[in-house]
1. Looking at the stretch A:172-208, which of its residues are acidic (Asp, Glu) and either touching a helix residue (DSSP H, G or I) at 6+ places or on another chain (Cβ under 7 Å) or within 12 Å of another protein chain (Cβ to nearest Cβ) (or both)?
2. Whether any residue in the stretch B:224-231 is more than 16 Å from residue B:368 (Cβ to Cβ) and modelled with pLDDT under 90 is what I want to check.
3. Looking at the stretch B:65-83, which of its residues are of a type in the set (D, E, K, R) and at pLDDT 70 or above?
4. Taking into account only those residues within the stretch B:147-180 that are among the small types (Gly, Ala, Ser) and at the interface with chain A (Cβ under 7 Å from one of its Cβ atoms), which is nearest to residue B:363 (Cα to Cα)?
5. Among (1) modelled with pLDDT under 85; (2) surrounded by fewer than 23 Cβ atoms within 10 Å (Cβ to Cβ); (3) assigned to a helix (DSSP H, G or I), where does residue A:311 come up short?
6. Would you mind finding the one in A:385, A:398 that is buried (at least 17 other Cβ atoms within 10 Å of the Cβ) and outside any loop (DSSP other than H, G, I, E, B)?
7. Looking at the stretch A:211-257, which of the residues that are away from every other protein chain (no Cβ under 14 Å) and of a type in the set (Asp, Glu) is nearest to residue A:277 (Cα to Cα)?
8. Which of the residues that make up the stretch B:401-435 are closer than 30 Å to residue A:281 by Cβ, part of a helix (DSSP H, G or I) and in contact with a helix residue (DSSP H, G or I) (Cβ under 8 Å, 6 or more places away or on another chain)?
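The values are calculated or read from the model by the stated rules, or taken from the named source; none is laboratory data. Quantities reported herein were computed from a predicted structural model and do not represent experimental measurements. Cβ placement follows ideal geometry from the backbone for every residue including glycine, while neighbour counts extend to all protein chains displayed.
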Amino acid sequence: MASGQQWVLVEMVQALYEAPSYHLILEGILILWIIRLLFSKTYRLHETNKLTEKEKEDLIEEWQPEPLAPTISKDSPYITYDVVTGPPSHKIIINGKECINFASFNFLGLLDNERVKQKALSSLKKYGVGTCGPRGFYGTFGTLALISLYFVFRDEAACFSIQKGLQASRSFIKYFKHNDMHDLERLLQEQELEDQQNPRKARVTRKFIVVEGLYINTADICPLPELVKLKYKYKVRIFLEESMSFGVLGEHGRGVTEHFGVKIEDIDLISANMENSVASIGGFCCGRSFVIDHQRLSGQGYCFSASLPPMLAAAAIEALSIMQENPDIFTVLRKKCTYVYKELQGIPGLKLVGMQFAPALHLQLEKSSGSRESDMQMLRSIVDYCMERQVALTLARYLEKEERYPPPPSIRVVVTIEQTEEDILKAKSCIQEAALTLLK
Amino acid sequence: MTADFVRHATEQPEHWPVQSQKQYDWNRENISIEIKNHRQEDFEKAPMHVAVLTYLGFGIVTLFGYFRDFLRAVGLEKRNLAQEREEQKEFVPLYQDFENFYTRNLYMRVRDNWNRPLCSLPGPVIDLMERVSDDYNWTFRLTGRTIHNVINMGSYNYLGFAENTADYLETVADKARHYGVGVCSTRQETGTLDIHVELEYLVARFLGVESSMVFGMGFATNSMNIPALVGKGCLILSDELNHTSLILGARLSGATIKVFKHNDMVHLEKELRDSICSGQPRTHRPWRKILIMVEGIYSMEGSVVRLPELIALKKRYKACLYLDEAHSIGAVGPGGRGVTELFGVNPADVDVMMGTFTKSFGAAGGYIAGKKELVDYLRSRSHSAMYTSSMSPPIAEQIIRAIKCITGHDGSTEGIRRIRQLAENTRYFRAKVKKMGFIIYGNDDSPVVPILLYMPGKVVAFAREMLERKIAVVVVGFPATPITEARARFCMSAAHTKDMLDEVLHHLDEVGDPDGEGDS
């Protein structure tokens, strides 16, 4: 063995002698270059490398951060909030005073419903309270989800939760004027032109239109049939947010698709929360399994968050059964909404914003003072006046600095089926008095 | 430590125990020794042959995947996933084929190990609904039979509050009858109920801080409050293994994010120094704020944060600390008050204490606690307070009841018993598993026990075999963990009896040995 190795070595040395000189020189230079590269310091453009230790210490000493949470003045409207004693049902005890509730989104009055409570209690007995885990790990009882998108056309008045969801998805967002189909079509045409110029990119860019069925900020409805037409013309998908319209619009309360008679398969994804008409907690997403199955693995709020407590899911299921069994509650709700809409017109100094059958309307100041703060204070004084007289209202709250298009300050007026004509007339007279007394 | 623990536990439970404040000498050496004395953390790396086999395994499955995709494209194999509508065939495809590659070809084969439906509460012993698949896991069919009395090692039920014994739940049922289940409004409008105010007061007292605020959903607590605290021009230093909710919150805030190696204080210090010296990227203006985000216990690794060192660092460099105690609140510490109690650190030193009620309290939701200015600021600026519904009243009552039980305020020693039981169970289980020769990660005090199995095939076989023997475990693999570190995770509970643990250990031994892990 050893002789074999030696023989190879001899051959190698011979080869070295016999190689042409340029070859050897080249090899030599290469080896030297490699050695140099191995030992040279990596070149960094970072300036801190050039700082001495003393300089670094000085910088660290000098640096003063802002306080984590700036102090808020004691009379900021945000810290002093209204506390409700007991359930926020039709007769609500707010700040110690019993009032008629025109402020909680309990449209179908299911918050106090005995059947719903019973189902919740029996679920409590069986399953306890929490689920102790996400859906994947023995927590399969209920649901909630976040979605990931790509290229989105969004209505300007879409609510904050949509804004944040889209921001998290890191898609490219274009805004179109609220409910303005011409503006949307213009944007879609622009996009089409861009696509023609760059067909490869166009083939992989998914496009979506995101709208709400009933807008929470403006209390009006989206023109769904026109949207569906645009969808097929420009090949974009529609995502519909139905938190306000689910359980409100449509003959059986199925939402804006039923209201307009649009086929539900034409909408790619519908998401809604169960905190308004369904009077529970949580939300749902529905659509074809093609879309939903993908979310089961990639929806962050679904995969990484503990599942909904069974009690709340049971309450929601019972609420849905009630909605299916009594479709006439929707007609009653619509009648009340129309009545409230009629009555609240013509209040001096305030204008009613919203559509006839929207259960959550806004009362805005006819003439703004110019400053948002003073507008809000004015509206707050009206709310306080009404609460003194046992009508519970609330200011619509927004994070002005975070919202892209902050809606003007307003008072939220909510219609529920538990309100009687008397209640509504009382509310109207309170608001009228308040406006006459306080708005000069 | 045991002596301290016993003294604490027997001292007048009706008084809120005062946080013991050890005065730390900020000499780094002392702190390291302190930590070394208290707890050991091991993270053995995979042996070479295992790593190679794992990569090989993934490679083979991927090749197979490509082959099957080809067959499906050609039409030789049936496409089992839902398809796009006929009317929308010309639309840009919703999913790139490659995005689903993992789902179609790898996850589908093994997905019977996840999303197993229960038909009982998630207590120490559960009933699973039996389901079978006739088409290799594409669809499942419930047979209608139930698998009874499966020992549950997968739910986060640390203090055993997932229970439905009648007298314990009475107050919760009362509140459900009185308040109903929903709230129908946000905290800033008409959603603040008296029960929320009571709960927040109790949580603040429990943690030993000035004030707290509760939210309906734990995930949302992080993702909606971090953007309220930091924004553009701020720096977030986030641990490598932070939870998705923390990462989402950090991304939504718009701040610059830098990641430091898991629990590596040296790396963190280096990042802090470099960042302060160089300032914001490109403009080099000084940072507005620096926030260090860590978790109390990391649920995938079972490791505990090095809190005293972190506090020393944060004080030295004037940064703020955000501590997510989702898994550690109620589960560690002699009084169940989390990692601050475990290390004897003053809770006022942690700027933002966050936690969830899902794990140790058997409810749902999260909290943020700290100084009064911080919480007041959050009440006005939190996305959650403005736009989301507040916590459901019966859930709030469950948390109130759980806190009263843990602190002994309900007049019994049940809370202390549970905390002690959890600690004992953790110690016992970890010691026994180590003796068997398995490789486990994490701190000796952590009730989360990840047992390393490394290879994806083993992990799946393990889960199925344990289910046959009526033990429910959670297994995790890529992409939730690094590719060569697939593991089975056992969650301890105060409700587990010694017999249950012995049975689990017995089966673990049997299942473990044929796989060849009997050798250390």
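1. Listed by number, the residues that qualify are A:185, A:192, A:195.
2. yes
3. B:68, B:69, B:72, listed by residue number.
4. B:162
5. (2)
6. Going through A:385, A:398 in turn, just one is buried (at least 17 other Cβ atoms within 10 Å of the Cβ) and outside any loop (DSSP other than H, G, I, E, B): A:385.
7. Checking each candidate, the answer is A:242.
8. Within the stretch B:401-435, B:401, B:403, B:404, B:405, B:406, B:407, B:414, B:415, B:418, B:419 meet the criteria.
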